[in-house]
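A short write-up of the structure that comes next.
The values are calculated or read from the model by the stated rules, or taken from the named source; none is laboratory data. Quick caveat: nothing in here was measured; it's all calculated off a predicted structure. Cβ coordinates were reconstructed from backbone atoms using ideal geometry, including for glycine residues, and neighbour counts include every protein chain displayed. Remember, those area values only see protein heavy atoms, side chains included, never the ligands or the DNA or RNA. Shrake-Rupley method; radii C 1.70, N 1.55, O 1.52, S 1.80 Å.
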Amino acid sequence: MKYISLKNSENSFTLKEAVFKGLAPDGSLFMPEKIPILSNNFINNFHLKDLNEIAYDILKLYVDQEVPSDEFKRIVDETFNFKIPLKELEYNLFSLELFHGPTLAFKDVGARFLSRLLGYFNKGEKRKLMVLTATSGDTGGAVANGFHRVPGIEVVVLYPKGKISPYQEYQIAGPGDNVHAIAVDGSFDDCQRLVKEAFNDSELREQIYMTSANSINIGRLLPQMVYYFYAIAQLRNSNIYDAPVITVPSGNFGNITAAMIGAQMGMPVKRFVAATNENDVVPRFLLDGVYSPHETIMTIANAMDVGDPSNFPRMYQLYNNSLALIKDSLFSASVTDNEIKDTIVKCYKEREYLMDPHSASAYNILKRTLSDKETGFFVSTAHPFKFSEVIEDILPGALKKSGYEVDFELNQANKGEVMKSEYSSFKKIIENLA
Ligand SMILES: *Cc1c(COP(=O)(O)O)cnc(C)c1O
């Protein structure tokens, strides 16, 4: 399997090159050169396999000979080492819970897979690999945990000091060892700027081998298609054979793009539904065909606060950049913060099922659009505890009652190193670690 840039299919790259570079040399995104088609035998029988077998069989097609089978099996098993249950909420409507991983969000899947892939590819290199990541909260924890103690890799996670929740800080700064948490005296944009400056610093690039672990990396995207197959396997094993309506709470649209790649491989899907918060670039695009990115609007589903979704070009190209084709397969709508809150409260009161704000946005839109004759599921992307402030506010005591409270202690030992928002300080830290 080769990888090509979205804008230029002339040069092809190995998976190793694609995951190390993150972005293609022309600045656009990597995609597999060709989406492999699964055999009828696989499509008809994958529900007889377990999660790790499904993962191995599908992902091996994207890895080919670049990683030996036994090594690749280890990578898959270490990635998918937590349960991903499909729960029935009401007649023919299900929640696929992706939040049982170590940092309680679906980003664990991508971060665990990418970290192990990079670790494998970097074996035998004399130089350590330095992974730099800026986070506004959620990604940082998954990256810190996913890369923790992966040999040959040092990780630096930058986050805005005092602007993330104590639990998020605990997840980023807790692991230690090869994971370095830096609390930047500034904003998330400052963190991103510092990381960009490091990548653009040719002097630093010469001495140090650096990459990023952000969500545009194809190594984070690919493993996310696995759990959609696994959801369908679980439906079949409860005797539901309909092709489902799949609903995904979307920000950068990576998660839904992974599902769409799965569909092109042959996974049965009735249609896709993308839920957004008030950052509604894609719903508006589907209405009028005009893609107009905007400044990010802050909402209570903040991991979806994206005004210019980075995976949009990948998604659109899967439908030949045709508005008519994408509209055939995808419906998208946005919900307001108040609608999200009402949905969480209503679902909890009616069904004793507690959802985080991201998952609730998807449930809201799926429920509004699913017909009686259809089967649908939405992906629950985060554990309710990760958004405990929102939930305690609207449903005091519900987290505890649902058994969703998490014990943690943020002490001096697991707080990040404070750094001024100055490139010279950042550079010094990187040089000292290399
Ligand atoms: C990142 C994230 C999303 C959005 O996923 P995309 O792949 O960026 O569309 C949704 N929910 C949660 C909890 C997230 O952390």
* Determine the dipole magnitude for region 144-250: charges of +1 sit on the beta-carbon of Lys and Arg, -1 on that of Asp and Glu, nothing else is charged, the reference point is the Cα centre, and the result goes in debye to the nearest 20. => 420
* Asked: Hey, what's the Kirkwood Rh for region 323-434 if you take every pair of different alpha carbons, in angstrom?
  -> 17.6
* Mind ranking 64-75, 23-34 by how tightly packed they are, going by the mean number of other C-beta atoms within 10 angstrom, highest first? => 23-34, 64-75
* Net charge dipole size for the chain [Lys, Arg +1 and Asp, Glu -1 on Cβ; Debye, nearest 20] -> 720
* Using the Karplus curve 6.51 cos²θ - 1.76 cosθ + 1.60 with θ = phi - 60°, work out ³J(HN,Hα) for each residue of region 195-209 in order, rounded to whole Hz, and write x for Gly and Pro. => 5, 4, 4, 5, 5, 8, 8, 5, 4, 5, 4, 5, 8, 10, 8
* Structure fact -> Placing +1 on each Lys and Arg Cβ and -1 on each Asp and Glu Cβ in the chain, then taking the dipole about the Cα centre, the residue among L6, P102, G27 whose Cα reaches farthest towards the positive end is L6
* Asked: When only alpha-carbon atoms count, how far does region 237-351 stretch along each of its three principal axes, as whole angstroms with the largest first?
  -> 41, 37, 21
* To do: Please identify every one of the GluC sites (Glu not before Pro) in region 394-434 that sits in a loop by DSSP and has no more than 10 other beta carbons within 10 Å of its own beta carbon.
  => E409
* **Ranked by how many other beta carbons lie within 10 Å on average, peptides 187-193, 88-94, 141-147, 381-387 from highest** => 141-147, 381-387, 187-193, 88-94
* Loop GluC sites (Glu not before Pro), region 253-362 (other Cβ atoms within 10 Å of the site Cβ: 13 or fewer; DSSP) -> E295, E352
* Asked: With r defined as the distance between the Cβ atoms of E392 and R351 and R0 fixed at 25 Å, what FRET efficiency is calculated, to the nearest 0.05?
  -> 0.80
* **Farthest positive-ward along region 314-366 dipole, Cα basis, beta-carbon charges - from S322, C347, S334** => S322
* Asked: Any idea which of V245, S69, V281 is furthest toward the positive side of the dipole for the chain, if Lys and Arg beta-carbons carry +1 and Asp and Glu beta-carbons -1?
  -> S69
* To do: Holding the Cα-Cα limit at 25 Å, pick out from K16/K107; K128/K163; K16/K420; K34/K73; K107/K341; K163/K341 the pairs that are longer than that.
  => K128/K163; K16/K420
* Structure fact -> Averaged per residue, the 1.4 Å probe accessible area of the chain, protein heavy atoms only, in Å², is roughly 42
* To do: Would you compute, for the Cα atoms of the chain, the largest minus smallest coordinate along each principal axis and list the three values in descending order, in whole Å?
  => 61, 51, 43
* Asked: Which percentage, to the nearest 5, of the DSSP beta bridges contained in the chain is antiparallel?
  -> 20
* Kindly rank 153-165, 237-249, 366-378 from highest to lowest mean number of other beta carbons found within 10 Å of each residue. => 153-165, 237-249, 366-378
* Structure fact -> Expected vector for region 265-281, Karplus 3J(HN,Hα) from phi with 6.51, -1.76, 1.60 and θ = phi - 60°, integer Hz, x for Gly and Pro, equals 7, x, 5, x, 9, 6, 6, 9, 10, 9, 8, 10, 8, 5, 7, 10, 4
